[in-house]
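Visitor: One structure coming up, written as structure tokens, with questions to follow.
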């Protein structure tokens, strides 16, 4: 795969490029002092950290802390560039350690474990923590309030609330006893109960660590930091000479405690913070962290202020500063609030040149799809007119869900995109589900059901769609050694029976000219079968051995990788997104398997799969993700925090969505806990006051996210929203509109988004559609010729869809008959009846998957089986035997099931009455296979009765309507049965045929007769009709006619004569 890319590596600043504030901060550090740098957005805080680290490289032991892995990696990338620039001449300066607080704490605890002879510590993942809490919360002794009793404890959302409370407490160094005591003082009984969960959780972790072989402590993130702080403060772990901290405002309280421990241990520190850009508050980030450090630092922290706005258009700076003016200072100097830029203000009496476009633009659309279309138009214009690459653009949405929705819309509008992968529980990943199902089938083949077999083939490794699955069923039926075979059983057998040569059997049943096609159709089944065989033949049941055997047997690694790198049309880009997700899921599964196997060496694959099934929280991943170039990055404010772009688009600014002032963690009050733990004076505060403070805090967090998002832009900023009767833009978009209006110049998007349809920068499909309309509606030949020449240019350029030969409703893909002259046509009586009404319906229905039988079909099948098993039984016996073929519904089943069963009982009673009146039975369920010219007519006759030395055909019908007497005389199924019976060697004369309707509302069966075919005016009428149908099936094109079959046709949506199929007209 491609290596991870850094979209904006932090820069090493030359001495001449340093601002006064940056020089001051570096001087304090070099004079063995400690500096706290309060920075405005885009004032060079991260570049200051990189520069400080680069200057100290080789001379001091350096630790660089950042709040997230992405930001830590960005700083590490910049320092690696410094290391490389130093050249190969020794000595090469060592690379400073760059880490998050959790990673740095892990290193401290691991070093202590190694020195004491213990194993490495194990970090408890979020998924592990959720699984542990699920077990603990089942304890009935937990004293929850009445409102939280019952099944609420089993909900994932409740466990998330518990995790949040435990995390906020642990980050502040509070143990279970402290949490319980705080709950009593603050009159929050749920905290006292949660303290019991907290204590049990810690006990389980300690027990797991004690019982694991050669294992070190088992800790979560807050526990690791707490252990590291204890080691540092006890002098058992060294502190770095220089501690560099970037983005202090996004550190949790645990991270702040780690910094405080290093400061007390004597580390010199340079710390940057920009509280106005905090984006991690929903994960416990603390915009006010700078104030905590100033109060608790063992030595005075020299305060430095950075106020410049580097490499940013002034209008964007004005916009962000206006939002910042509404935020609390949190200990920052008032100087950080001074305006850093001004909008142009020409003298009113002097002539002026036109103002340049305003770099801040706000655009509204009538609906979400039009919002995406306008964004796509702007993106194409920037690429075509200004040469801005997609890699230098950034699209930011309020949430990951909104980012995914907008990404899907932009793909439809022709924009290649990439998104930050949203964390999903492994058990919910489609690829993981498919691999787990394959392995479970190999371990227990007898448990595979027909539905599960079909799901395997539709899964990530079979990748078969419904049409392919239907084709597979037909191939297996053609190769079956018995006519009674059912495709469901054949699917199961083909996947699980050891030693079965599926490929050879299927190919042997096909004509030579169709074998190459059959090989391709068999590929999904053979691939899944190979995976099952690989696992079944494996001697080991160890987790990684089994996972690797199944994965390697699939042969999907190269296929998925190539598809993930595709960058073609819309379909290719969507496939690439799917394949990237599958590859990420496989990586996460193998990582989880490795971690589980290390923890429980004797666990086999079945135990691990059960463990994955129990997880409802995503696994933590430390893997860097690849980023394909040439795609628009769509992310969230937190995901964009370490990025910078020429153009930033912020979408979805709806009232109630951004800002969203809904209070988080409202059930157990994790946010309240953090507030009260940090401010003891609020322990006895009224709940309304707490809520007011929380709501204000949430609003400030929303504004900070906007500041952070907008500050990513260098040259252009676009804000978009939907403005309709049901949705209004938020105040943030209106603020951008004010900036544009006060600027005096037009918004930079104005020339892009004006003009008649299709607009100046349409996507290819919209442009082609517009040309189609204009060619069709042109008033004169000159206009038509102009549009044709434009269309020809698109064809020459290879634009997909421009060639009229590829347009909808053009020439058919083939004119070859469905059935060649030398092939035989195989029909059942019911298929014959459909073909007589409509050849097109017959061909489509024959190619379709019949699907799952409904209640009516199940009842009909049961009654036919009942009639076959008891051909002479009367009503009482048939009603008594009905449950053998149709189980009676449970007492608590839906009323519809009871009504259907009562109807089946009534039909069984009518069937028994008929059988008592016609006791002379010659045969039941009599199969036939006769040849009529080039047609093979095959089927089963329900019942054959003796009548005065002759034979009568009986066909049972369970529908609610009976045919008329005239319709029965022309019934093709009865005629087929008569012909088949008469064609049998030595058969007695046929007395005719009867339809016995047992599903009607009459008290007894409604019987309709058909005279013997020999008594018809044209005795060969049926054979002539079969020959006509055979000729029609082999002829193209097919003529369509409305008839009585249309009312019940199963493929109406594929018929241009019907309203359901009007899209085909």
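The values are calculated or read from the model by the stated rules, or taken from the named source; none is laboratory data. These figures come from a predicted structure and were not determined experimentally. Here the Cβ positions follow ideal geometry from the backbone for every residue, glycine too, while neighbour counts run over all protein chains shown.
Residue by residue, here is whether (1) at pLDDT 85 or above; (2) assigned to a helix (DSSP H, G or I); (3) closer than 20 Å to residue 394 by Cα holds:
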position	(1), (2), (3)
698	yes, yes, no
717	yes, no, yes
721	yes, no, yes
737	yes, yes, no
740	yes, yes, no
758	no, no, no
766	no, yes, no
786	yes, yes, no
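Visitor: Here's another thing I want to ask about it. Collect the residues in the range 954-978 that are assigned to a helix (DSSP H, G or I) and in contact with a helix residue (DSSP H, G or I) (Cβ under 6 Å, 6 or more places away or on another chain), keeping them in residue-number order.
Guide: 972, 973, 975, 976, 978
Visitor: Taking the stated definitions as given, is residue 285 over 30 Å from residue 746 (Cβ atoms), surrounded by fewer than 19 Cβ atoms within 10 Å (Cβ to Cβ) and in contact (Cβ under 8 Å) with a residue 40 or more places away in the chain?
Guide: no
Visitor: I would also like to ask the following. Among the listed residues 498, 524, identify the single one that is more than 30 Å from residue 408 (Cα to Cα) and either in a helix (DSSP H, G or I) or more than 26 Å from the chain's Cα centre (by Cα) (or both).
Guide: Details: 524 fails: more than 30 Å from residue 408 (Cα to Cα).
Checking each option against the conditions leaves just 498.
Visitor: Output the residues belonging to the range 966-1006 that are at pLDDT 90 or above and on the phi > 0 side of the Ramachandran plot.
Guide: 992
Visitor: Can you confirm whether residue 667 is on the phi < 0 side of the Ramachandran plot, touching a helix residue (DSSP H, G or I) at 6+ places or on another chain (Cβ under 6 Å), buried (at least 16 other Cβ atoms within 10 Å of the Cβ) and modelled with pLDDT of 85 or more?
Guide: It is false that residue 667 is on the phi < 0 side of the Ramachandran plot, touching a helix residue (DSSP H, G or I) at 6+ places or on another chain (Cβ under 6 Å), buried (at least 16 other Cβ atoms within 10 Å of the Cβ) and modelled with pLDDT of 85 or more.
Visitor: Quick check: anything in the range 637-649 over 30 Å from residue 310 (Cβ atoms), buried (at least 17 other Cβ atoms within 10 Å of the Cβ), touching a strand residue (DSSP E or B) at 6+ places or on another chain (Cβ under 8 Å) and modelled with pLDDT of 85 or more? So that I can check it myself, show each step before the final result.
Guide: Residues of the range 637-649 over 30 Å from residue 310 (Cβ atoms): none.
Scanning the range 637-649 turns up no residue that is over 30 Å from residue 310 (Cβ atoms), buried (at least 17 other Cβ atoms within 10 Å of the Cβ), touching a strand residue (DSSP E or B) at 6+ places or on another chain (Cβ under 8 Å) and modelled with pLDDT of 85 or more.
Visitor: Further question: Go through the range 229-271 and report how many residues are assigned to a helix (DSSP H, G or I), within 22 Å of residue 281 (Cα to Cα) and in contact (Cβ under 8 Å) with a residue 40 or more places away in the chain.
Guide: To start, the set of residues in the range 229-271 that are assigned to a helix (DSSP H, G or I) comprises 229-233, 248-250, 253-264.
Filter once more, so that each one left must be within 22 Å of residue 281 (Cα to Cα): 248-250, 253-260.
Then drop every residue that is not in contact (Cβ under 8 Å) with a residue 40 or more places away in the chain, which leaves 248-250, 253-255, 257-259.
So the count comes out to 9.
Visitor: Output the residues belonging to the range 931-969 that are without any contact (Cβ under 8 Å) to a residue 60 or more places away in the chain, surrounded by 15 or more Cβ atoms within 10 Å (Cβ to Cβ) and more than 17 Å from residue 1012 (Cβ to Cβ).
Guide: Scanning the range 931-969 gives 940, 957, 962, 963.
Visitor: Follow-up question, since we're still on this one. Looking at residue 443, is it outside the structural domain of residue 846 (by TED's automatic domain parsing) and buried (at least 23 other Cβ atoms within 10 Å of the Cβ)?
Guide: No, not satisfied.
Visitor: Kindly indicate which of 1046, 1055 is under 44 Å from the mean Cα position of the chain (by Cα) and surrounded by 18 or more Cβ atoms within 10 Å (Cβ to Cβ).
Guide: Only one candidate passes the filter, namely 1055.
Visitor: Follow-up. Any residue at all in the range 687-704 that is surrounded by 22 or more Cβ atoms within 10 Å (Cβ to Cβ) and either within 22 Å of residue 377 (Cβ to Cβ) or touching a strand residue (DSSP E or B) at 6+ places or on another chain (Cβ under 8 Å) (or both)?
Guide: No, every residue in the range 687-704 fails to be surrounded by 22 or more Cβ atoms within 10 Å (Cβ to Cβ) and either within 22 Å of residue 377 (Cβ to Cβ) or touching a strand residue (DSSP E or B) at 6+ places or on another chain (Cβ under 8 Å) (or both).
Visitor: Please tell me if residue 477 is touching a helix residue (DSSP H, G or I) at 6+ places or on another chain (Cβ under 7 Å), in the same structural domain as residue 582 (by TED's automatic domain parsing) and without any contact (Cβ under 8 Å) to a residue 24 or more places away in the chain.
Guide: Criteria met by residue 477.
Visitor: Of 1013, 951, 1040, 995, which residue is closer than 14 Å to residue 833 by Cβ and either in contact with a helix residue (DSSP H, G or I) (Cβ under 7 Å, 6 or more places away or on another chain) or not assigned by TED's automatic domain parsing to the domain that holds residue 841 (or both)?
Guide: It is 995.
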